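K.L.:
Would you mind keeping the following structure in view while I ask a few things?
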Amino acid sequence: MDKLSKQILNKRIENNPIWLMRQAGRYLPEFREIRKNNPNFIKLCLNEELSTEITLQPIKRFNFDAAIIFSDILMVPYGLGQVVEFKKNFGPILGDLNLENILKKNEEDFIKNINPVYKAINKVSTHQSLKDKDTIGFVGAPWTILMYMFNKQSPKKKLPVDLLNKTDEIKKVLEILDKFLKIHIENQVKNGATIIQIFDSWAGLLEEKYINDYIYNPTYSLVKYTQSLNVPVICFPRNIKSYKEFVNVVKPDAINIDYEVDPKKIKEQIDIPIQGGLDPKILLTDNQNIKKNALLYLDIFREHPYIFNLGHGVLPETDPSSVEYLVKVVKDF
Ligand code: CP3
């Protein structure tokens, strides 16, 4: 069993394992070099050779304890036949949601559309540099994926008007997503993913009264399913009103916190392993400040199973040497 899995399953290890969300990406010159010649992001995710190479880039450079597969949560709507494009300096743009079309998709069509993702996981997980490391597969939570499918772009910080009136369509899409996200998890695990992380980036947009139907129940279904495959699950319900309640209801194996969460308070409230928290903007400051802030988390979680990570993804303007320094601080602790 590898370090991260051990930490998640409460088998104490000497050091805190570390990996970072978006550890492969635009802050790395070797990534930008590949990206330059591959302007189509979806195609790049579907290039098993290159997506394997990109996944391994930060492992080679920083010796992180886990690799997270270079792909995107929006590969699922893409696999279901919705158009997904990425515009530079804007983010994802999706085509119209055609429910009739999507309802016709079967498992075979879906897998055919995104099969290189699974092949890349296979290559990564069997690569010699991953020998004592975990391979993290992931999915977007149903609510966050649904948000993109309906809104066709990032909602920024507010809930799109009208969305919550579409009760019947939401119900249908959640059913479809439950089926295909399980297929997606199953195939990642079959190909070597040893941990699954569920990203719910827009969990914080929902009012209390919708949380059961749109977040807790659909996510619990995926958590239970993943656990039935004997694979631990980390959930990241970013900005959710209560991480404590989320953990009690959804029962993941570990929880990632965002940078607005007070680490001291959350430690008192939550028994399961905790991951993340550090504001990615800290990595834009000097080493002294990076150390101070990293030690804050490490100290608070000294007696609590903790996986070092950020409260959101590495920012593109981050200097790779700051990441290198952070890894050193964590490993030396
Ligand atoms: O963590 C990792 O490095 C693994 C790969 C990964 C990507 N996206 C690669 C990516 C993961 C786990 C994701 C998750 C993801 N994708 C989320 C959930 C986490 C979060 O960020 O809230 C969301 C909401 C998306 C959708 C998405 N993909 C957006 C909004 C964007 C554009 C904004 C941005 O940061 O560039 C993407 C593009 C994307 N996904 C990039 C990468 C490396 C940047 C692509 C590029 O232009 O080179």
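The values are calculated or read from the model by the stated rules, or taken from the named source; none is laboratory data. Note that the coordinates shown come from a computational prediction; the quantities given were computed from them, not determined experimentally. Cβ placement follows ideal geometry from the backbone for every residue including glycine, while neighbour counts extend to all protein chains displayed. Remember, those area values only see protein heavy atoms, side chains included, never the ligands or the DNA or RNA. Shrake-Rupley method; radii C 1.70, N 1.55, O 1.52, S 1.80 Å.
K.L.:
If I filter the range 133-152 for residues that are within 16 Å of the ligand (Cβ to nearest atom) and open to solvent by 50 Å² or more (accessible area, probe 1.4 Å), do I get at least one hit?
P.N.:
Within the range 133-152 (the criterion being within 16 Å of the ligand (Cβ to nearest atom) and open to solvent by 50 Å² or more (accessible area, probe 1.4 Å)), the answer is yes, since at least one residue qualifies.
K.L.:
Assess whether Lys281 counts as being surrounded by fewer than 17 Cβ atoms within 10 Å (Cβ to Cβ), more than 16 Å from the ligand (Cβ to nearest atom) and of a type in the set (D, E, K, R).
P.N.:
Taking the combined requirement at face value, the residue does not satisfy it.
K.L.:
Checking Ile211 against (1) within 25 Å of Asp258 (Cα to Cα); (2) in a helix (DSSP H, G or I); (3) within 16 Å of the ligand (Cβ to nearest atom), which test does it fail?
P.N.:
All conditions are met except number (3).
K.L.:
Would you point out which residue out of Ala254, Ala294 is over 17 Å from the mean Cα position of the chain (by Cα) and buried (at least 22 other Cβ atoms within 10 Å of the Cβ)?
P.N.:
Ala294 is the lone residue from the list that is over 17 Å from the mean Cα position of the chain (by Cα) and buried (at least 22 other Cβ atoms within 10 Å of the Cβ).
K.L.:
Okay, moving on. Glu33 - would you say it is open to solvent by 70 Å² or more (accessible area, probe 1.4 Å), within 21 Å of Ser125 (Cβ to Cβ), modelled with pLDDT of 95 or more and not in a loop (DSSP other than H, G, I, E, B)?
P.N.:
Against the criterion (open to solvent by 70 Å² or more (accessible area, probe 1.4 Å), within 21 Å of Ser125 (Cβ to Cβ), modelled with pLDDT of 95 or more and not in a loop (DSSP other than H, G, I, E, B)), Glu33 does not qualify.
K.L.:
Determine whether the range 179-192 contains at least one residue that is away from the ligand (no atom under 13 Å from the Cβ), farther than 14 Å from Val76 by Cβ, part of a loop (DSSP other than H, G, I, E, B) and not polar (S, T, N, Q).
P.N.:
Taking every residue of the range 179-192 in turn, at least one turns out to be away from the ligand (no atom under 13 Å from the Cβ), farther than 14 Å from Val76 by Cβ, part of a loop (DSSP other than H, G, I, E, B) and not polar (S, T, N, Q).
K.L.:
Applying the selection to the range 76-116, what residues are of a type in the set (A, V, I, L, M, F, W, C), more than 11 Å from the ligand (Cβ to nearest atom) and open to solvent by less than 60 Å² (accessible area, probe 1.4 Å)?
P.N.:
Passing the criteria: Leu80, Leu97, Leu99, Ile102, Phe110, Ile111, Ile114.
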